[in-house]
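**Student:** So that we are looking at the same thing, I have put the structure below in C-alpha cells.
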Amino acid sequence: MLVIIHGWSDNYSSFRALAKRLASPLPDGIGARVAEIHLGDYISLDDQVTFADLVEAMDRAWTDAGLPRKPRSVDAVVHSTGGLVIRDWMSRFAVDKVPIHRLLMLAPANFGSPLAHTGRSVIGRAVKGWKGTRLFETGAQILKGLELASSYSWQLAERDLFVDDGVFAPSRVLCTVLVGNTGYSGISAVANKPGTDGTVRVSTANLAAARMLIDFSHEPGKAPRIDYQAVDDAGLAFTVVDGEDHGSITAKGRGTNESITWSLICGALMVPDTGFEAWRLRLKSHCHQVSLAAAQRSGDHFQRYQNTVFRVFDNHGESVTDYIIEFYINDDRTTRERRLTKVIQEEVIKGVHVFSGEKTYRSLLINCDRLYELLPRPEDRLRISITAYPEVSNGKVGYRTYTDDDIGALSLSLQQVRDMFRPHRTLLITLCLKRYQQDDVFRFKPV
C-alpha cells in the first residue's frame, strides 16, 4: 500500500495525477494501490494549527481509513512540509512498530525553508504564482516550525536522527530524499535564493545531518572541548536532481522537467532491502555528477552549501540570545588576512537568520565551494569564535568573550574545514559559555 502526504498550503487533489501514474503497471508505474491521506483542504493555513495537531489528526485519519499498523506494511511519498509531519508521527512509535517501509521524500523541508519567515505576500506569490486564493492565511504555527533554525526542527532531529536505535535503518525505514536545484521561473522567481529549489534549500532537505558541541565553559585561554556526531545514514539515500524546482519534482500536473526524476521516484519505491546499500551508492554518485556539472555554471545559485545552525547556552543551561559568531583567517592582522576575512563575510556566509521564536537559534548558510578556496597555504587557519553580551568586564555579570585573552577560538586547518563544512547537509552546533559574576554580586560581611 502507498500513502501520499502533501505539503504546506497544498491539498490531496494535487497528487491525484501522481497517484494514478504510480498505480500504473510496470514499467510506467509501480503497480501500487494508492491510499490518499489528507487532513482537510487548507488545514495547514490555519494560524491555530500546530505540528502536534497535524500529527494527532494524521494518526486518527490513519485509523479511520483502516490503514495497516503492522511494521513496514506501508510505503509513503511526502512532499515539502509532509516530511516533517511524517517524521514527527513516526517518532511516536517504538522503532520496531513503525508501519512505514519505504519513505520517499520529495523536496522535504527537514531543516526549514528560507521562505517561512518572509512576508506573506512573498510566500503567496512563490507558492501560488498568479493562482493564489487565500493568500494572507499562512498558518503561523506551521510556518514557525518551518522557519530556518527553528527549535522544532532541531528537537525533532534529536528525537529521530541522533539516537542509537533510530528509525532510519536497513531493517526499518528505507528513506530516499530527492531535491531539485533549480529556482522558479516567471513571477514566482521572486522567491529564489542561492542553493535552493525555490522553496527549500538543498542542504536543509538532506537528513544525513551532524551535530557538534563546542564547550568554552572553562577558564579563559584553554582550547574548547569538542564533541561531534554524524547521523548514521545507512538507511538514508540522498541526491540532487538537476533541473527540478520545488513543484516540478513531484511529477504532478505537467510532470517532471527531467526524465531521470521519474526513474528515481519509482526506484525509491521499489528498492528491496537487500539492494538499498547499492541504491544509496548510486544516488551518491548521481549527486556528485550533478554537483560537478552545476559547478561549471555562472553565479552562486548552483554552488554547494551547508546549513549551519548555532544555538548558545551558558554553563547554567540558560539561553544566550545576544551574540555574534565570528569567522576570520589566522589572526586577521595582515592585509592578506583581512582581505580573506572580508571575502568570508561577503561571499562565504551567504545568509544569516535568527529564529523568531527563540533567538539563541541561528542559521548561517555557508558556501562550501568558496570557503575551500580561501586556505591555499598549509599554515592558514580558519578561526571561529563568539562574542556575547553581557560582557562581565562592563557590568556585574556576563561572559568573557571580547578580547583575545578571554575566550579561545576554534582553529581549523583546510582538512578540518572540509570535515566540518560539508556540502548539501545541516550541521547543528551547540556552543556553551561560562557565565561570570563580579565579586560584589554577593558577599558575606562581618557584623
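**Student:** With both bridge residues required to lie in the chain, what share of the DSSP beta bridges run antiparallel, to the nearest 5%? Before the final figure, lay out each step's value.
**Tutor:** Details: 31 of 72 bridges.
Within the chain, antiparallel bridges account for around 45 percent of the total.
**Student:** Short version: ³J(HN,Hα) in whole Hz for each residue of region 243-248, in order, from phi by Karplus 6.51 cos²θ - 1.76 cosθ + 1.60 (θ = phi - 60°), x for Gly and Pro, what are they?
**Tutor:** With the stated coefficients, region 243-248 comes to x, 9, 10, 5, x, 5 Hz.
**Student:** Gaussian network model of the chain, Cα springs within a sub-10 Å range: biggest mean-square fluctuation belongs to which of S171, S113, S248?
**Tutor:** Checking each option, the largest mean-square fluctuation is seen for S171.
**Student:** Provide the gained length on full extension for the span K445 to S263, in nm with one decimal, where the gain is 0.36 nm per separating residue minus the Cα-Cα distance.
**Tutor:** Numbers: separation 182, 0.36 × 182 = 65.52 nm, distance 7.83 nm.
Going from the current span to full extension adds 57.7 nm.
**Student:** Expressed as a whole number of Å, what is the distance separating the alpha-carbon centroids of region 183-238 and region 335-377?
**Tutor:** Answer, in whole Å: 13.
**Student:** So, R0 is 35 Å and r is the distance between the beta-carbons of K342 and A189; what FRET efficiency does that work out to, to 0.05?
**Tutor:** 0.75
**Student:** When the Karplus curve 6.51 cos²θ - 1.76 cosθ + 1.60 is applied with θ = phi - 60°, which whole-Hz ³J(HN,Hα) does each residue of region 302-319 get, with x for Gly and Pro?
**Tutor:** 8, 6, 9, 10, 10, 7, 10, 10, 10, 9, 10, 10, 9, 5, 9, x, 8, 5
**Student:** With a/c under 1.5 counting as rounded, go ahead and sort region 333-413 into rounded, prolate or oblate using the C-alpha gyration tensor (a ≥ b ≥ c being the square roots of the eigenvalues; past the cut-off, prolate if a/b is larger than b/c, else oblate).
**Tutor:** Oblate, because a/c is 1.5 or more while a/b does not exceed b/c.
**Student:** How high is the FRET efficiency from N315 to R92, r the C-beta distance, R0 22 Å, rounded to 0.05? Walk me through the intermediate numbers first.
**Tutor:** On the way: r = 33 Å, r/R0 = 1.52.
Computed FRET efficiency for N315 and R92: 0.10.
**Student:** Give K144/K359; K193/K350; K70/K97; K284/K350 a once-over and call out the pairs whose C-alpha atoms are over 18 Å from each other.
**Tutor:** Working: K144/K359 13 Å; K193/K350 10 Å; K70/K97 7 Å; K284/K350 25 Å.
From K144/K359; K193/K350; K70/K97; K284/K350, over 18 Å: K284/K350.
**Student:** I've got another one for you. Quick one: compute the contact order of region 145-208, relative version, from alpha carbon pairs under 8 angstrom and 6+ residues apart, as a percent. Don't skip to the answer; put the middle values down first.
**Tutor:** Working: 48 pairs, mean separation 13.1, N = 64.
About 20 percent, as a whole number.
**Student:** Which residue, P224, A388, H424, has the largest displacement toward the positive end of the dipole of the chain when charges sit on each Cβ (Lys, Arg +1; Asp, Glu -1)?
**Tutor:** Result: H424.
**Student:** With a point put 7 Å past each Cα toward its Cβ, work out how far A234 is from A278 in nm, to one decimal.
**Tutor:** Result for the modelled spin labels: 1.9 nm.
**Student:** Would you look at the GNM of the chain, springs on alpha carbons closer than 10 Å, and say which of A251, A278, A268 moves the most?
**Tutor:** Judging by the Gaussian network model, the answer is A278.
**Student:** What percent do you get for the relative contact order of region 174-312 when only Cα pairs under 8 Å and 6+ apart count?
**Tutor:** 29 percent
**Student:** For the chain, max minus min Cα coordinate along each principal axis, in Å, sorted largest first?
**Tutor:** Per principal axis, max minus min of the Cα coordinates gives 83, 59, 46 Å.
**Student:** Specify whether the C-alpha gyration tensor of region 169-253 places it in the rounded, prolate or oblate class, a ≥ b ≥ c being the square roots of the eigenvalues: rounded for a/c under 1.5, otherwise prolate if a/b is larger than b/c and oblate if not.
**Tutor:** Taking the square roots of the gyration eigenvalues as a ≥ b ≥ c, region 169-253 is oblate.
**Student:** While we're on this one: Note down the nm distance, to one decimal, between modelled labels 7 Å out along Cα→Cβ at K70 and at R418.
**Tutor:** Those two pseudo-labels are separated by 4.8 nm.
**Student:** Okay, moving on. 7 Å from Cα along Cα→Cβ at both Y402 and V352: what's the point-to-point distance in nm?
**Tutor:** About 1.9 nm separates the two model spin labels.
**Student:** Once the Cβ-Cβ distance between R225 and R60 is put in as r, and R0 is 41 Å, what FRET efficiency do you end up with, to the nearest 0.05? Don't skip to the answer; put the middle values down first.
**Tutor:** Working: r = 46 Å, r/R0 = 1.11.
Efficiency for this residue pair is about 0.35.
**Student:** Under a 5 Å amide H to amide H cut-off, with H placed in plane at 1.01 Å, what residues pair with I386 once short-range neighbours are removed?
**Tutor:** E326
**Student:** Specify whether the C-alpha gyration tensor of region 265-320 places it in the rounded, prolate or oblate class, a ≥ b ≥ c being the square roots of the eigenvalues: rounded for a/c under 1.5, otherwise prolate if a/b is larger than b/c and oblate if not.
**Tutor:** Oblate shape, in that a/c is at least 1.5 and b/c is the bigger or equal ratio.
**Student:** Now a separate question. Of A205, M1, V312, which is farthest towards the positive pole of the chain's charge dipole, taken about the Cα centre with +1 and -1 on the beta-carbons of Lys, Arg and Asp, Glu respectively?
**Tutor:** About the Cα centre, the residue reaching furthest to the positive side is M1.
**Student:** In terms of modelled amide H atoms, which long-range or inter-chain residues lie less than 5 Å from the amide H of R304?
**Tutor:** Close amide H contacts, sequence-distant or interchain: C368, D369.
**Student:** Out of residues 5 or more away from G180 or on other chains, whose amide H comes under 5 Å of its own, with H placed 1.01 Å from N in the peptide plane?
**Tutor:** Excluding prolines and chain starts, which carry no amide H, the hits are A107, V241.
**Student:** A further question on this structure: What value does region 370-414 have for Rg/Rh, both radii from Cα atoms and Rh as Kirkwood defines it?
**Tutor:** Rg/Rh: 1.18.
**Student:** Any idea what the dipole of the chain comes to, in debye rounded to 20, about its Cα centre with Lys/Arg Cβ at +1 and Asp/Glu Cβ at -1?
**Tutor:** 680 debye
Readers should treat all values here as calculations from the given coordinates under stated rules, not as data from a laboratory. On a predicted model such as this, the values are computed, not experimentally measured, just so you know. All Cβ positions, even for glycine, are placed from backbone atoms using ideal geometry, and neighbour counts span all protein chains on display.
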